[in-house]
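Just so it is clear, none of the values below were taken in a lab; they were calculated from the coordinates. In this text the structure is predicted, and so the values were computed from the model without any measurement. When we count neighbours, we look across all protein chains shown, and the Cβ atoms used for this are built from the backbone with ideal geometry, even at glycine.
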Amino acid sequence: MGSWSKVRFAVVVGSLLAVTIPGGAVAQSSKPATSAATTKKPATKSKSTASSKNSSKTGSKSSTSKSTVSSKNRSNKKHPAAKPTARTIKLTSAFHASEQLRPMAQQLTSTRSAAAYSGVQNYAHSHSGEAAAAAYLALGHAYMLDHRYAEAASTYRLAAGSGEALDDYADYLGAQAALQAGHGADAYALLDRFAERHPDSIFVANAPILLANAYIQQNNPQGALRVLQPLADTPQAAHSDFRYTLGRAYQLAGDTGHAAPIYRSIYVTQPLTFEAGQARAQLQAMSVPLTSAERKAHADQLFNAKRYAEAGDEYHAIQREGNGLSPADHDALLIYAAVCDMKMKRISRRDVERLPDTADDSAALKLYMLAEISRNENDEAGHDAIINDMVKRFPTSRWLEEALYSGGNMYLIKHDAKQATYHYSLLVQMFPSSTYAASAHWRAAWMNYRIRNYVEAARLMDEQIRGYPAGIETPSALYWRARMYEDEEHDLGQAANYYRTLASTYNNYYYAELARTRLAVLKAQPAVAPAATLSFVRKPVVPELSGELPENEPHLIKARLLANAALNEYIGPEIQASETSSEWGALGQSEIYASYGEYPRALQSMKHSGISFFALPMDQVPNVYWTLLFPKPYWGDIVSNADKNGLDPFLVASLIRQESEFNPGAVSRANAYGLMQLLPSVGKSIAKKQGMKGFKTPQLLNPATNLQLGTVNLRQVIDRYGGQQEYALAAYNAGDVPVRQWMSSGDYKDIAEFVESIPYTETREYVQAIMRNRLMYKALYPSH
């Protein structure tokens with residue numbers, strides 16, 4: 001048996017994102033690895049943007065049950081106003097001096113056209129001091145984006161000579177430009193004693209790395225080592241850019257004994273970083289080979305990150321080169337490479353069947369591939385036979401876990417409740433700690449509800465709440481368990497307990513509003529001791545949020561100044577550098593964008609803040625957060641076009657918020673355009689009926705035109721479904737054909753049961769989120 005006979009890919013995968021601070025650390029976020037067969041709509045049906053994948057299971061709160069936000073916000077933390085200092089006065093003065101620059105700088109960053117360059121250059125030449133400095137920074141930034149490094153370096157020098165408020169940016173970015181231009185020696189003075197000259201700069205941790213690279217470029221490895229070695233015990237030393245630069249310094253100094261282990265470690269332990277590829281190249285240059293095990297560990301992590309092409313290439317290369325592989329390892333690599341090909345849809349059943357028959361876990365992987373192919377071929381009997389074989393032969397294999405979840409999803413889409421429940425239940429039984437366990441458990445519970453096996457459904461829903469109290473399925477479980485107490489068991493007191501727990505714990509979720517509606521129907525019920533299950537429900541922690549910004553906070557003022565120069569990628573890091581940013585940072589960043597009318601960026605800042613807004617009562621969150629989360633740009637056009645078509649303007653705004661986040665220039669991967677994400681064919685058809693002559697697709701990027709045609713389209717979709725908004729929204733996202741199939745496949749008791757039964761996760765969450773958005777808008781703006 002080969003040394004890789006029991007491969008188990010990590011369930012949680014680190015997805016590495018490009019850092020916003022050039023030359024700085026890599027930001028990491030973890031996402032669960034998912035099966036290729038998750039329940040989502042086919043790509044050919046998709047026309048929603050990524051924004052439609054909003055927080056899952058989110059809900060709403062009615063305007064009758066929510067009042068406008070109280071002025072006594074419990075979480076509206078206030079701090080004594082800090083007194084202005086010489087530094088904050090200087091920063092504020094620089095901000096006001098350059099306020100008029102922002103539109104021109106933003107245009108330059110976006111287009112980098114000759115006219116945009118000329119506009120900012122003229123601004124810089126016609127101003128002095130901090131206004132000119134900000135303009136030169138904007139120009140330098142644009143030159144860097146255009147790879148015009150020498151011009152960027154020269155422009156950054158002009159910025160440094162014109163003002164002082166952003167001198168750390170002028171120095172650091174200027175050093176970067178000099179290095180890129182091949183003039184590393186010019187960076188020495190800019191980076192010398194950087195931390196002493198700019199102690200509060202966001203670049204303090206990265207400046208030594210940049211300085212070391214300057215020394216390396218000038219063939220002075222000892223200078224680089226003098227900079228880096230004293231920092232070996234700092235947090236920065238764990239970052240891939242620091243480690244790679246240190247390795248390069250050792251390598252150029254002729255110390256391959258220190259360089260090679262650093263490169264090996266980067267390649268194996270940080271394979272998703274840019275430096276991993278560079279490290280391998282340097283090992284090759286030093287004629288230091290990587291072992292097959294090291295290369296496979298690298299490829300495994302690429303696979304887990306869904307970088308299948310790169311992983312497959314590496315598996316194939318290891319297999320071809322051999323390097324002392326046992327026959328079992330050789331065969332296993334062929335199978336690992338094949339699964340990458342399958343993920344990229346470039347392998348056939350015959351190719352898989354020709355793969356070697358092994359006696360280890362790679363045999364389970366081969367069976368998993370055959371099960372997926374059977375699923376794609378709609379061969380249920382073949383699929384189920386393979387699953388049964390895997391259960392017998394490989395009961396602990398990760399590939400059985402994947403196959404069971406994929407099979408459950410297949411039968412969910414087919415509305416085969418019995419088979420879906422079997423696959424999901426078996427997954428939970430055999431892999432209770434699986435990433436998929438909570439989802440599979442809930443789907444088994446819901447399938448039992450749908451076939452009216454209420455006793456088992458009730459048991460599983462209570463088990464869901466107890467076993468996965470922090471899961472995204474808990475609001476659903478609370479609501480539908482309450483419905484069974486109400487409708488089937490006629491225990492109205494206990495039903496009310498569940499509804500109240502749901503409404504108070506998940507205040508603004510889709511199911512919270514449904515719970516309040518049921519409570520209104522039930523009215524007052526005799527008090528009943530809450531079921532023990534409810535003690536497992538977790539109340540959200542109310543964060544300390546300030547509704548007022550610390551106006552004399554240097555990092556906040558500096559972030560505003562950066563916005564004037566359109567250095568957008570540095571706004572967030574600059575704010576986060578403040579010790580108190582956890583209390584106001586999301587608000588500060590969002591308000592900077594909103595103050596310039598950049599509502600998509602403002603909304604994204606709030607969404608990505610990590611704050612669980614929708615679990616909190618409205619009066620425990622300062623009102624300014626809600627208005628940024630639910631903005632009203634283009635409101636006049638939204639209202640007038642909604643009125644013309646008999647639509648609720650809040651429904652239109654809610655759909656736009658989900659589809660494009662109010663970005664009029666949004667174009668999705670499915671080629672949907674503008675605010676309401678219209679396909680060109682739909683826009684053309686409606687424009688013709690509306691008598692719009694000479695219509696061209698780019699007109700859909702005009703907000704007025706998009707709203708005019710989009711509201712007509714939405715009205716037509718709603719009319720096709722008899723005015724039922726949930727059906728119409730599902731069709732808007734997934735298309736008419738699947739929605740008609742879903743409508744005809746079940747005896748739904750009410751519309752909420754239909755929504756929960758939507759098998760495409762994206763579409764289900766999309767419908768729920770828009771219904772929530774609409775009621776949030778109504779609550780926030782009761783007078784329209």
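Brief remarks on what is shown
- If you take the Cα centroid of segment 329-385 and the Cα centroid of segment 159-193, the two points sit 54 Å apart.
- Rounded to the nearest 0.05, the FRET efficiency derived from the C-beta distance between Ser113 and Trp635 at R0 = 30 Å is 0.45.
- Rg [Å, one decimal], Dmax [Å, integer] - segment 554-629, C-alpha atoms: 12.1, 37
- Value of Rg to Rh for segment 303-422, rounded to two decimals, is 0.99; Kirkwood radius and Rg both from alpha-carbon coordinates.
- Relative contact order computed over segment 455-538 (Cα-Cα under 8 Å; 6+ residues apart), in percent: 32
- Efficiency of FRET between Lys414 and Arg354 - r from beta-carbon atoms, R0 22 angstrom, step 0.05: 0.15
- Radius of gyration over Kirkwood radius for segment 356-472, both on Cα atoms: the Rg/Rh ratio is 1.00.
- Relative contact order, percent, the chain [alpha-carbon distance under 8 Å, six or more residues apart]: 20
- Of the peptides 224-231, 323-330, the order by per-residue mean of other Cβ atoms within 10 Å, starting with the highest, comes out as 224-231, 323-330.
- Which of Lys366, Lys414 has the fewest Cβ neighbours within 10 Å, and the rest in rising order: Lys414, Lys366
- Relative contact order (%) - segment 86-299, alpha-carbon pairs under 8 angstrom, separation at least six: 10
- Volume of the convex hull of segment 654-784 (Cα atoms only), normalised per residue: 122 Å³.
- log₁₀ of I(q)/I(0) at q = 0.09, 0.11 Å⁻¹ - the chain, Debye sum with one point per alpha carbon: -1.07, -1.42
- Under the simplified labelling scheme, the Glu548-Ser783 pair shows an inter-label distance of 2.4 nm, with each label point 7 Å from Cα along Cα→Cβ.
- Kirkwood radius and radius of gyration were both taken over the C-alpha atoms of segment 409-457, and their ratio Rg/Rh is 0.96.
- Taking the number of Cβ atoms within 10 Å of each Cβ as an exposure proxy, the fewest-first ranking of Met743, Met484, Met447 is Met743, Met484, Met447.
- Gyration tensor over alpha-carbon atoms, segment 306-359, equivalent ellipsoid semi-axes in Å: 18, 15, 7
- With the highest mean first, a sort of the peptides 574-582, 369-377 on other beta-carbon atoms found within 10 angstrom per residue produces 369-377, 574-582.
- For segment 455-538, the calculated P(r) over all alpha carbon pairs, in 5 Å bins from 0 to the bin holding the longest distance, is 3, 17, 30, 28, 17, 5, 0 percent.
- Theoretical ellipticity at 222 nm over the chain - DSSP helices of four or more residues, -39500 (n - 2.57) apiece, nearest 500: -18500 deg cm²/dmol
- Stokes-Einstein D in µm²/s, Kirkwood radius over Cα pairs - segment 78-158 at 25 °C with 0.890 mPa s viscosity: 182
- Gain on full stretching of the segment that runs from Arg538 to Lys693 - 0.36 nm per residue minus C-alpha separation: 50.0 nm
- Shape summary of segment 509-574, radius of gyration then Dmax from alpha carbon positions: 22.9, 63 Å.
- Histogram of C-alpha separations across segment 86-299, 10 Å bin width, %: 9, 28, 28, 21, 11, 3, 0
- In this entry, segment 232-378 is assigned a mean projected area of 10.1 nm², taken as a quarter of its C-alpha convex hull surface.
- Translational diffusion of segment 206-313, µm² s⁻¹ [Kirkwood Rh, Cα pairs; Stokes-Einstein; 20 °C; 1.002 mPa s]: 151
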